[in-house]
């Protein structure tokens, strides 16, 4: 028996994912950003590559922390959501049969009934292929869009998120699997005895139910999460089936996965049902030198000011101000920012022996650069060493980066027996749990 890795694609409803200049590349497609076409296309590409799923990172406002406004992020092409992913996913579901489809939704600014209804509907329409990337939100501009001033404390946000998930699960369980009778002769459409009230009441949320949406083939969406803090890991241990992290060295990745698997076991869950996937960006070349030249060209397209604006949003402080250390970030960010991004910044400073100001000017996460064979060597090493269960693959140039990965790297992974050649399950959860197959 041999493990097979998971692959999930990171997407945005816009031309920029996580590289501050890749949208300027000649192969970046910009003319149809606000139409269904690019999202339908990439869904087909990913399904042909047998990816487990894709998901859209998302936020509830324009980033305006850097210099107190959104001008830099908009003008220079920063990462923004130009469409609501919930409106895009049905188009992608329509042109695929197996690919999992994920949306990011905040537990801080929504109500459980609406989220359960949205995702339950999509899960039914897609045949059980929906994932929910659960976030608690990280930026004050999101709070202001919903009538607040700043985000609640991180601990309180996670406590609220736990209750939010409890309410959603209660709603998704209002319907039993075999509720539909569809008997025209006796005049019975639904067995109402198999539908019940949720009657959920907590500190923050109250919902009677029943949910108006019947139970989907996988019962409830697959739960994704990316919290790196101690409280975030506790949340993941209780709920998550996919956890994605920013890589910060092989040894630290192994320690993170071991810690999370231990926490999952303590929760009474099977740790094999909680996959840990580090975030990667990949540059593929016919030779090592060509790949490096491609990477250097990409990095030359990144505007230094946009890099600072992007990193400001990630860590939660305005980097145009007098911030010159991780300690000052912690002093000034309040309840904003992502702990995983700050941990990664601190790791870069320590591991590369550079100072804070140099680290925050780095344009991208470390890219894996090479031929399909050498890239696969690196992915295989991380996977087989216990550092991860697969990878979240983010595009640099959209859609070319993911097309190249599926065309060049996936076949090499398959040749080595590290990745599936066909889908084994009916739902996304089925495919996530079919990770071991007999090998001759």
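Every read-out reported here was derived from the displayed coordinates using simple, explicitly stated rules and does not represent laboratory data. Quick caveat: nothing in here was measured; it's all calculated off a predicted structure. Virtual Cβ from ideal backbone geometry, glycine too; neighbours counted across all protein chains shown.
Dimensions of region 230-311 based on its C-alpha atoms, expressed as ranges along the principal axes with the largest first, amount to 49, 33, 20 Å. Largest mean-square fluctuation among 79, 203, 339, in a Gaussian network model of the chain whose springs join Cα atoms under 10 Å apart, belongs to 203.
Starting from the Cα gyration tensor of region 261-349, take the square roots of the eigenvalues, sort them a ≥ b ≥ c, and report rounded, prolate or oblate (rounded when a/c is under 1.5, otherwise prolate if a/b is larger than b/c, else oblate). Please list the in-between numbers first.
Values: a/c = 3.15, a/b = 1.10, b/c = 2.85.
In terms of gyration-tensor shape, oblate.
Stretching the chain fully between residue 67 and residue 254 yields a gain of 63.5 nm (0.36 nm per residue, less the alpha carbon separation). Among 205, 244, 405, the largest mean-square fluctuation in a Gaussian network model of the chain (Cα springs under 10 Å) belongs to 205. Residues 91, 66, ranked from the fewest to the most other C-beta atoms within 10 Å, line up as 91, 66. Axis of helix 372-384 versus longest Cα principal axis of the chain: the two differ by about 60°, to the nearest ten degrees. Segment residue 29..residue 44, full-extension length gain: 3.8 nm, with 0.36 nm per residue of separation and the alpha-carbon distance subtracted. Let a ≥ b ≥ c be the square roots of the eigenvalues of the Cα gyration tensor of region 49-147; is it rounded (a/c under 1.5), or, if not, prolate (a/b larger than b/c) or oblate? Oblate. Note on residue 434/residue 124: beta-carbon distance plugged into 1/(1 + (r/R0)^6) with R0 of 30 Å gives a FRET efficiency of 0.85.
Label-to-label distance for residue 150 and residue 288 is 4.9 nm, based on points extended 7 Å past Cα in the beta-carbon direction. Between residue 185 and residue 325, the FRET efficiency estimated from the beta carbon spacing at R0 = 60 angstrom works out to 0.20. In the elastic network of the chain, a GNM with C-alpha springs shorter than 10 Å, the most mobile of 43, 103, 359 is 359. Just to confirm the number: angle between the C-alpha axis of helix 288-300 and the first principal axis of the chain, 0 to 90 degrees, nearest 10? Relative to the chain, helix 288-300 is tipped by roughly 90 degrees. To test your reading of the geometry: what angle, between 0 and 90 degrees and rounded to tens, separates the Cα axis of helix 339-352 from the longest principal axis of the chain? Rounded to the nearest ten degrees, it is 30.
As an exercise, use a Förster radius of 25 Å and the Cβ-Cβ distance of residue 193 and residue 114 to find the FRET efficiency, rounded to the nearest 0.05. Before the final figure, lay out the partial values.
Details: r = 27 Å, r/R0 = 1.07.
E(calc), rounded to 0.05, equals 0.40.
Where both bridge residues fall in region 2-437, DSSP classifies roughly 15% of the beta bridges as antiparallel.
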